[in-house]
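*Asks:* Here it is: the structure, laid out below.
The values are calculated or read from the model by the stated rules, or taken from the named source; none is laboratory data. Source: prediction; values computed, not measured. Neighbour counts are summed over all protein chains in view; Cβ atoms, including those assigned to glycine, are modelled from backbone coordinates with ideal geometry. Accessible surface is based on the protein model in full, side chains and every heavy atom, while ligands, DNA and RNA are left aside. Shrake-Rupley method; radii C 1.70, N 1.55, O 1.52, S 1.80 Å.
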Amino acid sequence: MSDTADRVRKIVVEHLGVEEDKVTENASFIDDLGADSLDTVELVMAFEEEFGIEIPDDAAETIQTFGDAVKFISEAQ
Amino acid sequence: MRRVVVTGLGMVTPLASGVEETWSRLLAGQSGAGTIKRFDASGLGTNYACEVPLGDGSDGTFDADRWMEPKEQRKVDDFILYGMAAAVQAVEDSGWKPESAQDFERTGVMIGSGIGGLQSIAETAVLIKERGPRRVSPFFIPGALINLVSGQVSIRYGFKGPNHAVVTACSTGAHAIGDAARLIQWGDADVMVAGGAESPISEIGIAGFNACKALSTKRGDDPQAASRPWDKDRDGFVMGEGAGVVVLEEYEHAVARGAKIYAEVIGYGLSGDAHHITAPPPDHEGAERAMRAAVARAGVDVAEIGYINAHGTSTMADTIELGAVERLLGKAAGGATMSSTKSATGHLLGAAGAIEAIFSILAIRDNVAPPTLNLDDLDADTVMDLAPHKKVERDIDVVLSNSFGFGGTNAALIMRRVTG
């Protein structure tokens, strides 16, 4: 779990250019971390790449926060 | 008709990032050519080009982080990055800081490109082939579209006036400046950020131009001798990259805010060859008509033209252009100095006309014509001074800058010193 969280956090920091400590459980990619809708598409692609999973579009829409992403990925693995 | 002046300059070239850094190297006779460093070009027909010098920003090197945040750089092709850098330089140089809503709405952007995100398109095509369409980045399209330089610059500064982009191959930069000046003349805007950007130095770019026999191929052992306009041993152009951007402004608007005025855009002429997709006609009467249209619009006597920045790509067309210019100038041909700065920068395609307009403006400012490098053995009989090897110091008040492109598209710009 913590390994997954660390890997997700690294991707978020890299793609959105934010400080690591801003990427908290409830941090919203769009509202708190400065992402736009295209950034979130790219983030989901990066998660798919990193974890070797497929995230369908309807599921991707439910991933709004860092915590959502970690939860979804942990369950999908 | 409203008058249009140039109040800001910016450029990224193979000689340097920055206008003064590029200009001093150009006058010193330096060349931006070398063996391609960015990728292994050994399997291509040409393995040399004029690449923008990358570095930490010192000594004229290009530091991308200075112009765009790293996370934003990933989302755009290099031509957008170069265009943004040149635009930021030009806007800062102009000192133009819109304040009112109307100021922002009266400031527009027209930065074009000949090809746009060629490398991004090539990489994405390979990605789809190897890994499928789901791996395509959401930033691929907005990072490759030609008008996204204008879009990005408008977003950065909040410029809400006309937002446009020119695509006329190697005459893009000149057409952008001419067209943007007309928007100001017609009252669509008071300030326009205009120019061209290009990043064609990639496998697909080199291979493509090699295939149409446009590039120099035989100087792998001495790339700096490859771009040699009007020389008998020329064998094609040397690919360049970068961007040139100017801030154009309505004259009274510039005067009212006490702006520094480099020159006035007084003439602009356009024409089509209707001849061949890549070659000019033997007499290049299309180029001559574009120049004559610019002269007529400018209302100057051709004898007033002190410096001509030739299109001069180091191809067979150089001497054809020379003939057209001689016919334009007539008896005044012996009194003007003409050079091809592509001998030093290589050919920046859609950015060429913009950086060359800037060189022409600086020729007025400093009363000096930059040199034509490598012109050892002139492939023509002419009375014109082509500034071989060394800059020519002389009085220059009026300049002509020529740009011609594939498809038979021609543009000529005339600019003049503003006094008093």
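*Asks:* Test B:Val109 against the criterion of being of a type in the set (Val, Ile, Thr), more than 14 Å from chain A (Cβ to nearest Cβ) and either assigned to a loop (DSSP other than H, G, I, E, B) or open to solvent by 50 Å² or more (accessible area, probe 1.4 Å) (or both), and give yes or no.
*Replies:* Here the answer is no, as B:Val109 does not meet what is asked.
*Asks:* While we're on this one: Hey, B:Arg74 hits all of (1) modelled with pLDDT of 95 or more; (2) more than 22 Å from the chain's Cα centre (by Cα); (3) within 14 Å of chain A (Cβ to nearest Cβ) but one; which does it fall short on?
*Replies:* (1)
*Asks:* Restricting the first residue to the stretch A:8-22 and requiring it to be within 11 Å of another protein chain (Cβ to nearest Cβ), which pairs with a second residue that is in a helix (DSSP H, G or I) and open to solvent by 50 Å² or more (accessible area, probe 1.4 Å) meet a Cβ separation below 6 Å and a spacing of at least six or different chains?
*Replies:* Every condition considered, the pairs that remain are A:Val13/A:Glu20.
*Asks:* Where in the stretch B:135-218 are there helices (runs of 4 or more DSSP H), lying wholly inside it, with at least 3 residues that are within 20 Å of the chain's Cα centre (by Cα) and more than 14 Å from chain A (Cβ to nearest Cβ)?
*Replies:* Where helices (runs of 4 or more DSSP H) fall fully within the stretch B:135-218 and carry at least 3 residues being within 20 Å of the chain's Cα centre (by Cα) and more than 14 Å from chain A (Cβ to nearest Cβ), they are B:148-157, B:172-185, B:203-211.
*Asks:* If you go through the stretch B:292-317 one residue at a time, how many are touching a strand residue (DSSP E or B) at 6+ places or on another chain (Cβ under 7 Å), open to solvent by 10 Å² or more (accessible area, probe 1.4 Å) and over 13 Å from B:Ile414 (Cβ atoms)?
*Replies:* Total meeting the criteria: 3.
*Asks:* Still on this structure, please answer the following. Restricting attention to the stretch B:59-71, and to residues there that are open to solvent by 60 Å² or more (accessible area, probe 1.4 Å) and either modelled with pLDDT of 95 or more or in a helix (DSSP H, G or I) (or both), which single residue is farthest from the other protein chains (Cβ to nearest Cβ)?
*Replies:* Within the stretch B:59-71, the match that is farthest from the other protein chains (Cβ to nearest Cβ) is B:Asp59.
*Asks:* Being among the hydrophobic types (A, V, I, L, M, F, W, C), under 29 Å from B:Tyr268 (Cα atoms) and touching an Asp or Glu at 6+ places or on another chain (Cβ under 7 Å): is that true of B:Val4 here?
*Replies:* Yes.
*Asks:* Among B:Asp93, B:Asp56, which is out of contact with any strand residue (DSSP E or B) (no Cβ under 6 Å at 6 or more places or on another chain) and either open to solvent by 40 Å² or more (accessible area, probe 1.4 Å) or under 26 Å from B:His164 (Cβ atoms) (or both)?
*Replies:* Exactly one of B:Asp93, B:Asp56 is out of contact with any strand residue (DSSP E or B) (no Cβ under 6 Å at 6 or more places or on another chain) and either open to solvent by 40 Å² or more (accessible area, probe 1.4 Å) or under 26 Å from B:His164 (Cβ atoms) (or both), namely B:Asp56.
*Asks:* Wholly within chain A, which helices (runs of 4 or more DSSP H) include no fewer than the required count, namely at least 1 residues that are under 22 Å from B:Glu69 (Cβ atoms) and open to solvent by less than 30 Å² (accessible area, probe 1.4 Å)?
*Replies:* Hits in chain A: A:2-16, A:37-51, A:66-76.
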